[in-house]
Every structure is written in structure tokens, then in C-alpha cells.
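What follows is a single structure, written as C-alpha cells, with notes after it.
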Amino acid sequence: MRKSQIDLPGAAGLLVIATILAGNQIVMKLTATGLSPVFQAGVRSVLAFLVILGWVLLRGVRPGSFRRYFWPGVLLGVLFTAEFIGLYIALDLTAVSRASIIFYTMPMFLSLGAHLLIPDDRLTPVKVAGLVCAFLGVAIVLSDRSGGEASLAGDLLALMGSVCWAGIALTVRVSRISEAPPEAHQLWQLGVSALLLPALAPLFGPLVRDFGAEHAWLMAYQVLLVASFGFLFWFYLLKVYPASSVASFAFLTPVLSVVMGWAILGERLHLSVLVSLALVSAGIVLINRRAR
């Protein structure tokens, strides 16, 4: 049943999703002690693809014509592969708080791309204000090189992941794959990356580091709670509630990531990180604000 605004169950669901996604960045960093970042991403894609494929077959969902969606589907998978190569390596190199703030500037790049490619999605003064806030937030966190947690390479890789994420959203909106159900988008992203990521992983060093039983549980979190049923729940919320209202909750994820990085990993909360977080969060809200 379609609803015109976020109600209490919707807000609770979005808070759960934001918490799961924020926790995922902590989990990715912890899993890197047992598996190399790119190989870890590959394992996640392989297992999540099998889970979603089983879910689709069980429910009798028709993903659509393979031939019709081949090229946009491949593009989705390549962008997805690049996105998570960037994010996983970034989290291995830099602090969760820094990587999360930079990665969640995706709406900034999406708005710029939509302005150029989608005639009815132009920049408005409010969106421009959001872009300025988000840009200033990124500039501040990139300029702060204090402490051993800061890595320029990690920051730039997180930025690459953010750009690729925006590219995925734009591809879904402007290509014929927009006609396919969300499960098809997910299958293309996971299927292509399940082939590419394991093949590329050896280029980034040894595949296994110090793997233990705890890393298997951490991978289960990534596969089931995030890459499989977490995204399906997110798509469900998008079907029920207005997209702009759902998207505005995205600001919670970097906020929660910063808090979890401090509480769980003991990361220092530099003033520059807190200022950047406030600017990026404000930018996300403004960019996703629905025009009256």
C-alpha cells in the first residue's frame, strides 16, 4: 500500500536499515583482518548472488529479458565492482569515519549527473545549497591529514566508490533496465561483480590474512543483512514511501558510522570530522528535499 509520507513503522524501518549499513562499514574493516579487501568483496558478491537468485526463483519473480538488459546490466555490474573495490580498500587504509563521510556524498554526484542527463531533474537553489555543503564537508575532511588514521589514498578510493555508486543510480534511471524489477538490478550487480572481484583479488595481495571463525560470522552479516535482504527491504520501503523522504534518511548512515567507529574501533573524533559530518549530512538532506 503506497503512502504519501513516512509514518512510525516506516521511520523505524529506515532507522534499522541505516544502522545495518553503518555497522556494515565496521564489519568490513574488521573482516579485513582475515580476508583481503577485494577478495572479501568477491566472496560477498558470490554468496549474495546465490541468495538473491534463490529468493527470485522461490517467489517466481521474472527478472526480464536477459538480452534486452545485457549491456546496461553489465554496466551496472562493472560500476558495482569498481564501487566496492574503492570502498573496501578505503576502509582498509583509512578510518571508518573518514571513509563513510566521503562515500555518502553520493547524492552530490547523483544530482550533478541527473542535472546533465535527466531533463526533469534539474538543480534547484536548494539542491545547489546542498551541493555546496557536501562539497565543503569533503574538502575539510580531505584537507585534514592529522593523525595516523588519515590516508589520502583511502580517502580518494572512498570518493571513487561514491562516484561509481552515483553512476549505478543514473544507469538505472536513464537506461532501459529501469523497466526491470529491483531484483534484476541486484542480480546484475552481484552476478557481474561475482565474476570480476574474485578474478581481480589476487592483484591486490594475498587473499587470506588471519582468517578465523569470527570472520565467517562477519561475512554472514555482510551477505545476509546487507547485500541480500537488507537491499530487498530498502527496495520495499521505496515502493511504499516517497523516494525523496526515504532518501533523506541517508544522512543517518554516516552519522551512525562515525559514532560506531568511535565506540567500537576507538577512532578519534577530530573537530574536522565532526564539522565535515555536519556539512555532508545537511547537504544530503537538502539535495533530497522535495520541491514544494
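The values are calculated or read from the model by the stated rules, or taken from the named source; none is laboratory data. Since this is a predicted model, take the numbers as computed values, not measurements. In this analysis, Cβ positions are derived from the backbone assuming ideal geometry, glycine residues included, and neighbour counts consider all displayed protein chains. Heavy atoms of the whole protein, side chains included, go into the accessibility calculation; ligands, DNA and RNA do not. Shrake-Rupley method; radii C 1.70, N 1.55, O 1.52, S 1.80 Å.
Laid out as a table, the results:
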quantity: Among (1) of a type outside the set (Phe, Trp, Tyr); (2) surrounded by fewer than 22 Cβ atoms within 10 Å (Cβ to Cβ); (3) part of a helix (DSSP H, G or I); (4) touching a residue at least 60 places away in the same chain (Cβ under 8 Å) - the single one Met28 does not satisfy; calculated: (2)
quantity: Count - residues of region 34-71 that are touching an Asp or Glu at 6+ places or on another chain (Cβ under 7 Å), surrounded by fewer than 22 Cβ atoms within 10 Å (Cβ to Cβ) and within 25 Å of Arg209 (Cβ to Cβ); calculated: 1
quantity: Every residue from region 232-247 that is touching a helix residue (DSSP H, G or I) at 6+ places or on another chain (Cβ under 6 Å) and either β-branched (Val, Ile, Thr) or modelled with pLDDT of 80 or more (or both); calculated: Trp234, Leu237, Tyr241, Val246
quantity: Tyr241 being open to solvent by 60 Å² or more (accessible area, probe 1.4 Å) and of a type in the set (Ser, Thr, Tyr); calculated: no
quantity: Residue in region 261-281 that is modelled with pLDDT under 80 and either in a helix (DSSP H, G or I) or crowded, with 16+ Cβ neighbours inside 10 Å (or both) present; calculated: no
quantity: Residue among Gly64, Gly86, Gly42 that is in contact (Cβ under 8 Å) with a residue 40 or more places away in the chain and under 15 Å from the mean Cα position of the chain (by Cα); calculated: Gly86
quantity: Any helices (runs of 4 or more DSSP H) falling wholly within region 72-165 and containing at least 2 residues that are of a type in the set (Gly, Ala, Ser) and either open to solvent by 40 Å² or more (accessible area, probe 1.4 Å) or touching a strand residue (DSSP E or B) at 6+ places or on another chain (Cβ under 6 Å) (or both); calculated: 125-143
